[in-house]
1. Check which residues have an amide H placed less than 5 Å from Phe211's amide H, if you skip close sequence neighbours.
2. Shape verdict for the range 150-192, please, from the Cα gyration tensor: rounded (a/c under 1.5), prolate (a/b greater than b/c) or oblate.
3. Relative contact order for the chain using alpha-carbon pairs under 8 Å, separation at least 6, rounded to a whole percent?
4. Kindly identify the range 212-253 as rounded, prolate or oblate by the Cα gyration tensor criterion: order the square roots of the eigenvalues as a ≥ b ≥ c, call it rounded if a/c is under 1.5, otherwise compare a/b with b/c, prolate if a/b is larger, else oblate.
5. Test of understanding: extend the Cα→C-beta vector of Asp29 to 7 Å, then name every residue of the range 117-139 with backbone N under 18 Å from that spot.
6. Could you quote the convex hull projected area for the range 159-274, Cα atoms only and averaged over all directions, in nm²?
7. Using Cα pairs under 8 angstrom and six or more residues apart, how large is the relative contact order of the range 159-274, in percent?
8. At 7 Å along the Cα-to-beta-carbon direction for both Leu192 and Ser237, put a label point, then send me their distance in nm to one decimal.
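Bear in mind these aren't lab numbers, they're just calculated from the coordinates by the rules spelled out. Computed from a predicted model, the values in this text were never measured in an experiment. Methodologically, a virtual Cβ is constructed for each residue, glycine included, from the backbone with ideal geometry; neighbour enumeration extends over all protein chains shown.
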Amino acid sequence: MYPLLITAAQLQTLRAQGSPCAVLDCSFDLMQPELADGFFAQERIAGAWPAHLNKDLSTFQPECAVNGGRHPLPQREIVAQWLGSLGIHNGMQIVVYDRNKSAYCGRLWWMLKWLGHDAVAVLDGGLQAWKDAGGALDSGPTPPAAAAQFEVRAPLRQLVLTKGVLASLGRPEQTIVDARAAARYRGETEPLDPVAGHIPGALNRPFTDNFTADGRFKSPEQLLAEWHQVLAGRPASSVVHHCGSGVTAVPNLMAMELAGLGPTALYAGSWSEWCNTPGLPCARG
């Protein structure tokens, strides 16, 4: 079982062995979401299924949403039904990837953990790593899937809602880490949300800092050293991750696990929910 990362060579071996395996392409463009379907149709790992951030990994029907923000999580049962419609079941190793240096596929990795499925891994280096390894590619439409049953189990990762973040704001048992770029964190620019700034007391660790130039995660040793510097003595167990809408915070969460610091919590509503909730404090600088 691969519960965190998998290399292109390891995925090729799994497939050659005939192990039950599902691959999902989470490629996306936050500023141009209409491009995602074209990315998938033009080039993807052979046999992969599409996982669209707006259509599959979020819901914009309030009655189906678990939280607010720009990319609300669908209820767990809804996600399980979607996975089953692709022929994915609990006995499979699931591999997620994108062509965006793992900016988006972590979302589905986390959601599967939240559904209680531990055998899910991010393809380190994404589509480019697969191509570099000579992996088979597909294009065009996908064939129909034979439906399967995906069972919802006890969550393996913690979801924190706005009321929980607020209740522990400023207390030592909670360390908020903001994964957005430094300029957005400081409030110097805000291209997506109506208010610029950050949650008071939050630390800043841009999610891109976890990767090498080729889109692979840095070594566990380097990540551990960098995260110790970020936390500056604060306990890793106190960390709650967020970003703009709960998507790019996940690479920070994964990096802490790769560094051996253990699972941490995700505030999926993130800044987009926080800054749109009347009465909540916002900071700059």
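1. Lys218
2. Numbers: a/c = 2.95, a/b = 1.56, b/c = 1.90.
Since a/c reaches 1.5 but b/c is at least a/b, the shape of the range 150-192 is classed as oblate.
3. Working: 583 pairs, mean separation 60.2, N = 285.
Relative contact order comes out at 21 percent.
4. Judged from the Cα gyration tensor, the range 212-253 comes out oblate (a/c at least 1.5, b/c at or above a/b).
5. 127-128
6. Numbers: hull surface 27.1 nm².
For the range 159-274, the mean projected area of the Cα convex hull comes to 6.8 nm².
7. Values: 201 pairs, mean separation 37.5, N = 116.
About 32 percent, as a whole number.
8. Once both label points are built, they end up 3.2 nm from each other.
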